[in-house]
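Right, one structure below, let's go through it.
The values are calculated or read from the model by the stated rules, or taken from the named source; none is laboratory data. None of the values given here were measured: they were computed from a predicted structure. In this analysis, Cβ positions are derived from the backbone assuming ideal geometry, glycine residues included, and neighbour counts consider all displayed protein chains.
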Amino acid sequence: MSGMVFDIKRYSIHDGPGIRTTVFLKGCSLRCLWCHNPESVDPGLELMHWPSRCARCYSCITACPKGAIAKDAAGAVVIDRKACDLCGKCAEACLYDAMQMVGREMSVEDVLAEVEKDRVFYEQSGGGLTLSGGDPFVQSAFAEALLDGCRARGIRTAVDTAGFSKNGVLDRMAEKTDLILYDLKCMDDARHKEFTGVSNVPIIDNLKRLAAGRTEVWVRIPLVLGVNDDDDNIRRTIEFLSSLKTIRRVGLLPYHSGGLEKARRIGQESHFRKFETPSEERIAAVEAAFREAGFEVRRGG
Ligand code: SF4
Ligand code: SF4
């Protein structure tokens, strides 16, 4: 079995306990306008161009069999993405890594071989594999095979999810992993739809069910100025999480604009928006509100 992986990050310390290897799978059911990993949203292969690395040698133009690359009046490389069939020849021709294919078809065995490399660090630190994305549920069969493979090897796992999935898949995945990192965006459904493209009703229902189960759940909240950092949303979030009884830990992920630059590189900037990071004082106030309600709070995951 194989799946579409867009990155494997070793020595990660923000995606669960200890030192971890985070495997990012392509594909997500949400369309968050602030997405930090826009190259993860589409489940398929994509072409990324880095203007900052480009030496303007134009080897890519020569290499492209579809005539999909040209230079503009200022000499910058432009890609006709409708003409591009993602053959990857431009990325092969580019000596400066300014053209890259995002997404790599990998077998379960290939991914597990990567994960195995840091087994000694997992054992010393209490770490393991984290599946992230995107949302691992989009490639659920592949994700489950990776979790099974880790369990068979005695490697602990975590799954980072937006929670917008069918019950059966979520419950199965929860059985196969040691920890769920559950993203919660905002409590108001209309606002949730406006900023993520989907309703939060299944996300909230799924979290209620998960919290009543056996697998540990940590909640993660991206903190975006004007979207979900207001007093009303923070109060409603604390009330909801407190009602679940089993959620003890909350991670706050303050917005940063790095995703927008990545969106530009894959020609998807029109699907995302620039937001602002809440001030340091505001983030500290939100942290304090969760602490006062009895939660262990971490910034960054
Ligand atoms: S081959 Fe690479 S460095 Fe040369 S023009 Fe194309 S993207 Fe730029
Ligand atoms: S991926 Fe292939 S078709 Fe697309 S721009 Fe590069 S060389 Fe051309």
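Against the conditions (1) over 26 Å from Ser270 (Cβ atoms); (2) of a type outside the set (Val, Ile, Thr); (3) in contact with a helix residue (DSSP H, G or I) (Cβ under 8 Å, 6 or more places away or on another chain); (4) within 16 Å of ligand 1 (Cβ to nearest atom), Tyr96 satisfies every one except (3). When the residues of the range 72-108 are filtered to those that are of a type in the set (D, E, K, R) and part of a strand (DSSP E or B), the one that is farthest from Arg56 (Cα to Cα) is Glu105. When restricted to residues that are buried (at least 16 other Cβ atoms within 10 Å of the Cβ), of a type in the set (Val, Ile, Thr) and more than 16 Å from ligand 1 (Cβ to nearest atom), the range 99-120 contains 3. The condition of being within 16 Å of ligand 2 (Cβ to nearest atom) and touching a residue at least 40 places away in the same chain (Cβ under 8 Å) holds for only one of Met101, Met106, that being Met101. Being among the small types (Gly, Ala, Ser), more than 24 Å from Arg10 (Cβ to Cβ) and either near ligand 2 (Cβ under 10 Å from one of its atoms) or at pLDDT 95 or above (or both) is a property that does not hold for Ala113. Just to be sure before I move on: is Leu225 in contact with a strand residue (DSSP E or B) (Cβ under 7 Å, 6 or more places away or on another chain) and touching a residue at least 40 places away in the same chain (Cβ under 8 Å) in the structure I sent? It is false that Leu225 is in contact with a strand residue (DSSP E or B) (Cβ under 7 Å, 6 or more places away or on another chain) and touching a residue at least 40 places away in the same chain (Cβ under 8 Å).
So that you can scan it fast, the table gives a plain yes or no per residue for (1) in the same structural domain as Glu123 (by TED's automatic domain parsing); (2) more than 15 Å from ligand 2 (Cβ to nearest atom):
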site: Ile8; (1), (2): yes, yes
site: Ile13; (1), (2): yes, yes
site: Arg20; (1), (2): yes, yes
site: Leu25; (1), (2): yes, yes
site: Cys28; (1), (2): yes, yes
site: Ser52; (1), (2): no, yes
site: Tyr58; (1), (2): no, no
site: Lys66; (1), (2): no, no
site: Ala70; (1), (2): no, no
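Filtered by the rule that a residue be more than 19 Å from Lys262 (Cβ to Cβ) and assigned to a loop (DSSP other than H, G, I, E, B), the range 54-71 gives Ala55, Arg56, Cys57, Tyr58, Cys64, Pro65, Lys66, Gly67, Ala68. Take the conditions assigned by TED's automatic domain parsing to the domain that holds Ile283, surrounded by fewer than 23 Cβ atoms within 10 Å (Cβ to Cβ) and assigned to a strand (DSSP E or B) and apply them to Val159. Does it pass? Considered against the rule, which asks whether it is assigned by TED's automatic domain parsing to the domain that holds Ile283, surrounded by fewer than 23 Cβ atoms within 10 Å (Cβ to Cβ) and assigned to a strand (DSSP E or B), Val159 comes out as no.
The strands (runs of 3 or more DSSP E) found entirely in the range 199-301 include none that carry 1 or more residues being polar (S, T, N, Q) and within 30 Å of Val78 (Cα to Cα).
Specify the residue that is farthest from ligand 1 (Cβ to nearest atom); the eligible residues are those in the range 35-57 that are closer than 19 Å to Ala73 by Cβ and crowded, with 16+ Cβ neighbours inside 10 Å. Here the answer is His49.
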